[in-house]
Amino acid sequence: ASRTPDGPGTLRIAVAGGEARAQAWGPGADWLLARVPAMLGEHDDAADFTPRHRLVHEAHRRHPGLRLIRTGLVLESLIPSVLEQKVTSDEAYRAWRILLTRHGEPAPGPADGMRVMPDPRAWTLIPSWEWHKAGVDAKRSSTILRAARVARRLEEAAGMDDTRATARLRAVPGIGPWTAAETLQRSNGSPDAVTVGDLHLPKIIGYALTGERGTDDAAMLDLLAPYAGHRHRACRLILLTGRTP
């Protein structure tokens, strides 16, 4: 369920016999259907990706169908990413569920229980006590409100390269490199937007590639430097191996 530029829409994708079939409902149905190929990774190009570590080479061989998806919807990825700042995943999921249940709207079509997120103006009208009930502190809720007020400008980042898109997102106070990368990985299908500032990722990448524990962001970026242009792709492949400290 998504809030597209044309309005709410619900998309169902099913795969059978090696073929993907899509159905959609609501005002945003045509918008969603037109973007199904991008959502399934049609525009992801890994032709110039070269594994530089044995572990990455093996993961690349074992997962030839890996595709980085592109939703084309910035705010829909940005707000959940802001909710994930400095809290556990469970806390962020709970906040997202509560906010959509109380302030979103039912998804079009036969999707019982699914919700479409509020539009930008509706986000700005959520009172402070509702954020508190959802377990969202003032710093994160203020960031979301600032983003919602410039939603149109942020959505333009879906058509930009990583450098310009990152600059556009980070112009909003409260959006740092972690949040920008997490957003662009989904909205833009960025193969290079590596997540820095994460509690776990540097340790996982460092351990997987070197066997050493306690890797920090700087050391992780050094290890990923040979994958410039595909650093996020390399991280995805490493995570698929399940090799963690």
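Restricting attention to the stretch 68-93, the residues being at pLDDT 95 or above, part of a helix (DSSP H, G or I), open to solvent by 30 Å² or more (accessible area, probe 1.4 Å) and over 17 Å from Asn188 (Cβ atoms) number 3. For the stretch 108-141, the set of residues classified as surrounded by 16 or more Cβ atoms within 10 Å (Cβ to Cβ), not in a helix (DSSP H, G or I) and not basic (Lys, Arg) consists of Pro108, Gly109, Ala111, Val116, Met117, Pro118, Asp119, Ile126, Ala134, Val136, listed by residue number. Restricting attention to the stretch 94-106, the residues that are assigned to a helix (DSSP H, G or I) and open to solvent by 10 Å² or more (accessible area, probe 1.4 Å) total 8. I'm checking my understanding of the structure. Among residues of the stretch 16-44 that are surrounded by 13 or more Cβ atoms within 10 Å (Cβ to Cβ) and among the charged types (D, E, K, R), which one is farthest from the chain's Cα centre (by Cα)? Taking the candidates together, the pick is Asp30. Number of residues in the stretch 218-245 that are farther than 13 Å from Val56 by Cα, surrounded by 17 or more Cβ atoms within 10 Å (Cβ to Cβ) and not hydrophobic (A, V, I, L, M, F, W, C): the value is 0. Considering the stretch 142-184, and only residues there that are among the β-branched types (Val, Ile, Thr) and in a helix (DSSP H, G or I), the residue that is most open to solvent (accessible area, probe 1.4 Å) turns out to be Thr163. Looking only at residues in the stretch 52-67 that are without any contact (Cβ under 8 Å) to a residue 60 or more places away in the chain and not in a helix (DSSP H, G or I), the one that is least open to solvent (accessible area, probe 1.4 Å) is Gly65.
The values are calculated or read from the model by the stated rules, or taken from the named source; none is laboratory data. Everything quoted here is computed from the prediction, not taken from an experiment. Here the Cβ is made from the backbone with ideal geometry for all residues, glycine too, and neighbour counts use every protein chain on show. Surface accessibility is based on the protein's heavy atoms, side chains included, excluding ligands, DNA and RNA. Shrake-Rupley method; radii C 1.70, N 1.55, O 1.52, S 1.80 Å.
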